[in-house]
Amino acid sequence: MNGYAKGSLALFVARVFSGLNVNALGYLLPVWIAPLSCVSLRLVFGAVVFWIVSLFVKHEDVVWRDRFKLVALGTFGIFGYMSLYAVSISFTTPVNFAIFNAMQPLWVVIVSAVFYRESVESRKLLGLAVGFVGALLCILSEPAGGLANNALLGNMLAVFASIIYAIYLVLSARMVGHLKSTTILRYTFSSGALLSIVVTAIVGFDAHLFSSDFKFLPCALLLFVLLFPTVLTYFLIPIGLKYLKSSVVAIYGYVTLLVAAIVSYVVGLDRFDPVIILSLLLIGASIYLVGNGGKDAASGRQ
């Protein structure tokens, strides 16, 4: 299997779990566990697992400059993204959140242009415009029949979460070439976990899941979130970053959107809405335009 195939397979699996994660958190938050408490659990669990794994992997020396970058990525990229993600999904519907999460290719193009002066072709500019129209439709749409507590607030937080994760993708993609994934993960998750512990100490840990009688479904969903979207997904993403462009990596966010939409409608966490469907189609068209219809993918890292 060549590098492109490895990266593509890793990202596809990771994004399937991400889509299921959107629905799992949509069920858990905030009834069974508070958003920031869930973030703290995820980061601490992930940090412990990644440090244990690193004990069995020969790792390289990390210069102080890279350590500083990794700590910044952990506190801003991991903790910031997960926190906005959790708070957002407690206000809006899983599909609404997934739509904005799928906009990462648009933000990656903008971030790359701002940070690294990468040129933006006219086709990508058109894709950005189409994507913003789709996002605006979703932001301004009414909550889906009471399924969203505060759709406008949740949608806006989802936009910021998507932007932060795009920045994380662009910056971390520059590090996977000379640092192992276990090294990146143990530093980023550890710094994110430390910050989450401080925040939790201030706001308090709130998890009805642990204070009530044992409930199988919420406990099983939380375990799923910890093992797969938290640990396995973040193991797989650096593999994708190693072999593919960060813009191509972000395009796989559309897999998350499709999985989240299908599962949400099946289990009743969301319902079909013409505006949301139109937003989804516009975001999909924008991703195609930004990704040059697959041409960027073919030029990914090998």
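Just a few scattered comments:
- Screening the stretch 165-224 for residues that are closer than 26 Å to Leu55 by Cα and among the aromatic types (Phe, Trp, Tyr) and picking the one that is modelled with the lowest pLDDT gives Tyr168.
- Any hit, the stretch 129-136, residues being crowded, with 24+ Cβ neighbours inside 10 Å and within 22 Å of Ile184 (Cα to Cα): no
- Ser54 being touching a Lys or Arg at 6+ places or on another chain (Cβ under 6 Å) and either crowded, with 23+ Cβ neighbours inside 10 Å or of a type outside the set (Lys, Arg) (or both): yes
- Checklist (1) among the β-branched types (Val, Ile, Thr); (2) in a helix (DSSP H, G or I); (3) surrounded by 22 or more Cβ atoms within 10 Å (Cβ to Cβ) applied to Val71, failing item: (3)
- Flag for Leu241 being closer than 23 Å to Ala98 by Cβ and surrounded by 15 or more Cβ atoms within 10 Å (Cβ to Cβ): yes
- Whichever residue in the stretch 35-51 is of a type in the set (Val, Ile, Thr) and surrounded by fewer than 20 Cβ atoms within 10 Å (Cβ to Cβ) and, among such residues, is farthest from Ala86 (Cα to Cα): Val48
- Filter pass, Tyr27 being closer than 22 Å to Thr92 by Cβ and not charged (D, E, K, R): yes
- Single unsatisfied condition, Lys124 versus (1) within 22 Å of Tyr234 (Cβ to Cβ); (2) buried (at least 19 other Cβ atoms within 10 Å of the Cβ): (1)
- Condition met for Val16 (under 20 Å from Ser246 (Cα atoms) and of a type outside the set (Ser, Thr, Tyr)): yes
- Residue that is part of a helix (DSSP H, G or I) and either in contact (Cβ under 8 Å) with a residue 24 or more places away in the chain or closer than 18 Å to Val249 by Cβ (or both), where the choices are Val48, Val22, Val57, Val31: Val22
- Condition met for Ala10 (in a helix (DSSP H, G or I), under 21 Å from Thr183 (Cα atoms), out of contact with any Cys (no Cβ under 6 Å at 6 or more places or on another chain) and not polar (S, T, N, Q)): yes
- Verdict on Arg65 being charged (D, E, K, R) and either touching a Gly at 6+ places or on another chain (Cβ under 9 Å) or closer than 15 Å to Phe205 by Cα (or both): no
- When Val198, Val231, Val225 are checked against the criterion of being assigned to a helix (DSSP H, G or I), more than 16 Å from the chain's Cα centre (by Cα), under 27 Å from Val71 (Cβ atoms) and of a type outside the set (Ser, Thr, Tyr), a single residue qualifies: Val198.
The values are calculated or read from the model by the stated rules, or taken from the named source; none is laboratory data. Since this is a predicted model, take the numbers as computed values, not measurements. A quick note on method: Cβ atoms are made from the backbone with ideal geometry, for glycine too, and the neighbour counts reach across all protein chains shown.
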